[in-house]
Amino acid sequence: MEFTPDILQKLNEIDERFKSLNQKTETHLEGLIYSKPITYWDYIQTDALLNLQIQRTVLPDEMVFIMYHQINELLFKMMLWEIDQLCHTEVPSTDFFTEKLMRVSRYFDMLTTSFDIMRDGMDVEQYMKFRHNLTPASGFQSAQYRLIEFASTDLINLIDYRYRATIDRNTPYEHALEHLYWQAAGKDYKTGEK
């Protein structure tokens, strides 16, 4: 192998990188001698991903239901990744902000169009049978979706409309959180019981 100026430049950059980490470049280069090349399935962790679907019933369409919701959670994670980058950029440029917002928008487009999988891609009779086996679990319980909501709007917009007039900027968060629309949806409005 010929050590061209480009190769020497890359070696110098690698050396600077490891020096900045208080690491010896020679040690890492020696480690490369014994490393295995990476494959797509190792990098994506395909085996682990494809073994996360565990049915609770014998009904075939429950598998579609599980995978659909897992895909949703992956999309939520992608959205939160973009939102997190925006939140941790002190002064985002207009281009940076627009790009991140467009990415989140595209992920939501995927979610919106994917609901056909639930509506048309499962047998309703099977769904009605395995759904009872999942009670009280609900996609409504997605913590990631709640984080996206918190990141996307003012808290007052998440308050159940029946309580908005009783909550302002001076209201303790504990009180406001008790009246979020999803909290209210899980309670009997008259008794306050779950």
* To do: Among the residues of region 150-180, write down those that are small (Gly, Ala, Ser) and farther than 24 Å from Leu80 by Cβ.
  => Ala165
* From (1) over 24 Å from the mean Cα position of the chain (by Cα); (2) modelled with pLDDT under 90; (3) closer than 29 Å to Glu82 by Cβ, pick out the condition that doesn't hold for Gln183. => (1)
* To do: Could you please tell me which pairs satisfy a Cβ distance under 6 Å, a separation of 6+ or placement on different chains, a first residue in region 44-62 that is of a type in the set (D, E, K, R), and a second residue that is open to solvent by 50 Å² or more (accessible area, probe 1.4 Å)?
  => Arg56/Asn133; Asp61/Asp123; Glu62/Gln55
* Asked: Scanning region 38-62 for residues that are of a type outside the set (A, V, I, L, M), more than 27 Å from Pro136 (Cα to Cα) and part of a helix (DSSP H, G or I), which turns out least open to solvent (accessible area, probe 1.4 Å)?
  -> Thr46
* Asked: Taking helices (runs of 4 or more DSSP H) that fall entirely within region 83-194, which contain at least 2 residues that are farther than 25 Å from Val64 by Cβ and open to solvent by 100 Å² or more (accessible area, probe 1.4 Å)?
  -> 94-120, 173-178
* Some residue of region 82-102 being at pLDDT 95 or above, within 11 Å of the chain's Cα centre (by Cα) and closer than 20 Å to Leu49 by Cα -> no
* Asked: Is it true that some residue in region 169-192 is among the β-branched types (Val, Ile, Thr) and closer than 23 Å to Pro136 by Cα?
  -> yes
* **region 17-37, residues that are surrounded by 11 or more Cβ atoms within 10 Å (Cβ to Cβ) and either part of a loop (DSSP other than H, G, I, E, B) or not basic (Lys, Arg) (or both)** => Phe18, Gln23, Lys24, Thr25, His28, Leu29
* Structure fact -> When restricted to Phe140, Phe97, the only residue in contact (Cβ under 8 Å) with a residue 24 or more places away in the chain and aromatic (Phe, Trp, Tyr) is Phe140
* Which residue, of Arg162, Arg131, is of a type in the set (D, E, K, R) and farther than 30 Å from Leu52 by Cα? -> Arg162
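The values are calculated or read from the model by the stated rules, or taken from the named source; none is laboratory data. What you see is a predicted model; the values in this text were computed from it and never measured. We place every Cβ from the backbone using ideal geometry, glycine too, and count neighbours over all the protein chains shown. Ligands, DNA and RNA are stripped out before the accessible areas are found, and what is left, the full protein with its side chains, is counted by its heavy atoms. Shrake-Rupley method; radii C 1.70, N 1.55, O 1.52, S 1.80 Å.
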